Amino acid sequence: MSNLVRTLFRWIAYFSSYGIAVATSAAISSILAISFGLYYARATNFPMSELMLWTIAGGAAVAWVGHSVQFGILNKVGFPGFTRPVLAVNRFITAEPNLQIRPDLKEGEYHELLRALTIIPLTNAFTAVLSVQVIFVAILVAAELSVKFETYHYVQGVIMDIMFSFIHGGFCLVIGEIATGSMRAECKRIMSEKKIPFTDRAVTTVRLKLAFFITLFLITIYVAATLVYYNRDNLQAILVFVFMATVAAILMAYMIFYLIYSALKDIEGAMDDLKSGGSGLIFTKSIDSEFVKVATGISDAARTIKDYQANLEQKIEERTAELQESLGNVRALKGQQDGDYFLTSLLLKPLTGNYANNRQIKVSIFIRQKKSFEFKTKTNEIGGDICLAHSIRLRGRDYTLFLNGDAMGKSMQGAGGSLVLGAVMQSIIERTKLSPKEQVLYPERWLKAVFLELQKTFESFDGSMLISVIMGLVDEKSGFVYFINAEHPWSAILRSGKAFFIENDLTLRKLGTLGVNMGIKVQTYEMKPGDAFVIGSDGRDDLVLGTGEDGNRIINEDESLFLRLLEEGRGDLEAVYQACKNKGEITDDFSLISLTYQPEKETAEARVGTRQTISRARQLVAEKQYEAAKQHLKEVYEATRDNLHVARALAHICYKTGDLKDAAGYFESYSEENPGDTQAIELLGSILIKLGETDKAADVLTRLKIRNPRDEKIAALLAKIYK
């Protein structure tokens, strides 16, 4: 407010009360509203008698007196007015010597005063509108007594009543908000200094004020148009109304934009205050919800900033203590977790590793789990990869059992799968070593039985624990490999520095897979002296080769990369691991097993003797001296006992001469030494069928059935046996 208005406001408050100073706005707005109403009545030729004019004047005077009494015009004589907001402002605000809030108020009285200062503009506007209704009813009574009213006159009267109420109430609200703004802000400031909590309340909105201004403008246009329409010849009346309406519009626009500007200045001042190190609090004069929300948000933010500034060191110490406590909890949990890891690794340790002691099969194992941990100054690893090798004996022959598995999941989950697999395998190995019933099985049948037992074990986990695996047996003497691959990376052979895969297809799903038709196939491969049979988990293939242009990692998809790295490492498993690391980042558990066939070398003298023996036998057969040929070969066989070529030749001569029993014996001995000769095994089965030894024949032919489940000829022979 300008200095003149401030002085006038303070003078009225000093001689009467703060409430009546606020209510003075009603006098200003009532004059404007009455003028609008009278000009509208004149424009529409509304019947207006002298009695009605006196009623308007008297009603306005009575309304003003009532309004003034309500707001405390008699405050100096002991009547401070009525309604709670009016009583509060007249009791708690004094103008002696200057306009101020009494300094001796209590906390509850400050809250009451703030609430009164917030809603008193509404109280002022409501009283003004109520006064208009009283005057309107009085005018209608006077009209009934002095003039004759038609129906449309009542309609015009209602329009004037709405117009008068709208203008009178709207101006009272806006002027009342401006009049109380400074005192409202002062009350908030004092409450803040006294640390009395308070909440800003909003009773209007900026949108409402703008809507009022637009409506006032439309009313002005309507009245002006009506005046021009009915009074074209009375230019003076039109110009006077246009001038009055323009002044009213300018006054309302000024007041509305003054309120908006004042609120924005409050915000700007708070920001400058905060920037310069002040409190940054906003004690807004506005009662519009938009500005109240902004002021509340900025004040809350300023309090938070000041709180951090004032207590920064303490908060840092508190936060550090909290972080140290959290870190201690994390360390305790980490210690417990590492303890669990350590215990699991201890359980896994005896179940993995190389326990084979065969001289002609050199076994190498390399495992590097992705998860490493430290427990009591010792560094250990835990993961889902497992490697093991054992020596077992089947049908009187020594075999090296090998297994490489990769359990689903990382860390503990993977280790759990490996633990189950290792425990079950250890049980099977010990049972095989102690059970004569197990030891008479052919390698194919033993592997199939073991795989089925493992499958049933992992099926009990309902698909939540899957594990890919390669497991097999290597005949120590012949270097013949029997193996089963359940969704594991392909096995490779390293021969004379060159590596190649010996598989090209998926034959089985992972252990524990539910609902899969388990047509088990035992694959075979005959190693040559010096060959290395190498298997490993998918950690050997899952290499991150770099980062693409899109920022995504480039993962190796070339399975043959492992062959090149195997060649680069020359079969040394740790060197192969380093080659993989040099090629890319290893993202999974990494494990490899290598089985190298190193048989005893046959002497040149033995090879020459064998060739001479076979050549002499063929000569006797050509001369049809079968018995002589058989006797010659028997003498040599009895002397050597393990000469494959002699055994095979002897078996064929016995078969040719009809000596089926001896032929079966020699074929059996030969097939034990050379299990890769499927023709000899098939012929042995056929001979056993002819001899009536069907159980033994079925056992022999089942070996071939397991190797190749789709062999129709073998299936027909087995069907003949079981028919």
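The values are calculated or read from the model by the stated rules, or taken from the named source; none is laboratory data. A quick note: this is a predicted structure, and the numbers were derived from the prediction, not measured. So basically every Cβ, Gly included, is an ideal-geometry build from the backbone, and we count neighbours across all protein chains shown.
Quick check on Asn354: is it at pLDDT 75 or above, exposed (fewer than 14 other Cβ atoms within 10 Å of the Cβ) and not assigned by TED's automatic domain parsing to the domain that holds Ser192? So Asn354 does not fit the description; no. Considering each residue of segment 522-540, count those that are surrounded by fewer than 19 Cβ atoms within 10 Å (Cβ to Cβ) and assigned to a loop (DSSP other than H, G, I, E, B), and give that number. The total comes to 3.
Within segment 665-680, residues that are at negative phi reach partners that are outside any helix (DSSP H, G or I) and modelled with pLDDT under 85 with beta carbons closer than 7 Å, at six or more positions or on different chains, in the pairs Glu673/Asp642. Which members of segment 246-278 meet the condition of being small (Gly, Ala, Ser), surrounded by 13 or more Cβ atoms within 10 Å (Cβ to Cβ) and free of Cβ contacts under 8 Å to residues at least 60 places away in the same chain? Ala249, Ala253, Ala263, Gly269, Ala270, Gly278, listed by residue number. Residue-level analysis places Ala125 among those that are assigned to a helix (DSSP H, G or I), surrounded by 21 or more Cβ atoms within 10 Å (Cβ to Cβ) and modelled with pLDDT under 85. Residues in segment 285-304 that are of a type in the set (Val, Ile, Thr) and in contact (Cβ under 8 Å) with a residue 12 or more places away in the chain: Ile287, Val292, Val294, Thr296, Ile298.
The residue that is modelled with the highest pLDDT, among those in segment 451-479 that are crowded, with 22+ Cβ neighbours inside 10 Å and in a helix (DSSP H, G or I), is Leu454.
Here is the figure for segment 151-202: residues that are more than 21 Å from Val132 (Cα to Cα) and modelled with pLDDT under 80 total 1. The set of residues from segment 685-709 being polar (S, T, N, Q), in a helix (DSSP H, G or I) and under 57 Å from the mean Cα position of the chain (by Cα) comprises just one member, Thr702. Considering only residues in segment 377-412 that are surrounded by fewer than 24 Cβ atoms within 10 Å (Cβ to Cβ) and acidic (Asp, Glu), the one that is modelled with the lowest pLDDT turns out to be Glu381.
Residues that are in contact with a Leu (Cβ under 9 Å, 6 or more places away or on another chain) and of a type in the set (A, V, I, L, M) were ranked within segment 424-441; the one that is surrounded by the fewest Cβ atoms within 10 Å (Cβ to Cβ) is Val440.
Are any of the residues in segment 649-656 modelled with pLDDT of 85 or more, touching a Leu at 6+ places or on another chain (Cβ under 8 Å), hydrophobic (A, V, I, L, M, F, W, C) and not assigned by TED's automatic domain parsing to the domain that holds Met527? No, there is no match, as no residue in segment 649-656 is modelled with pLDDT of 85 or more, touching a Leu at 6+ places or on another chain (Cβ under 8 Å), hydrophobic (A, V, I, L, M, F, W, C) and not assigned by TED's automatic domain parsing to the domain that holds Met527. A single entry from Trp490, Trp446 fulfils the requirement of being aromatic (Phe, Trp, Tyr), surrounded by 15 or more Cβ atoms within 10 Å (Cβ to Cβ) and in a loop (DSSP other than H, G, I, E, B): Trp490.
The numbered conditions (1) part of a helix (DSSP H, G or I); (2) without any contact (Cβ under 8 Å) to a residue 60 or more places away in the chain are all true for Leu105 except (1).
Figure legend. Inter-residue proximity from segment 418-447: first residues farther than 20 Å from Leu351 by Cβ, second residues acidic (Asp, Glu) and surrounded by 20 or more Cβ atoms within 10 Å (Cβ to Cβ), beta-carbon distance below 9 Å, spacing 6+ or different chains. Indicated pairs: Pro443/Asp475.
For segment 360-374, state whether one or more residues are under 41 Å from the mean Cα position of the chain (by Cα), in a loop (DSSP other than H, G, I, E, B), assigned by TED's automatic domain parsing to the domain that holds Asp589 and buried (at least 22 other Cβ atoms within 10 Å of the Cβ). Yes, the conditions are met somewhere in segment 360-374.
Residue under question is Glu557, and the condition is that it be touching a strand residue (DSSP E or B) at 6+ places or on another chain (Cβ under 9 Å), outside any strand (DSSP E or B) and among the acidic types (Asp, Glu); does it hold? It is false that Glu557 is touching a strand residue (DSSP E or B) at 6+ places or on another chain (Cβ under 9 Å), outside any strand (DSSP E or B) and among the acidic types (Asp, Glu).
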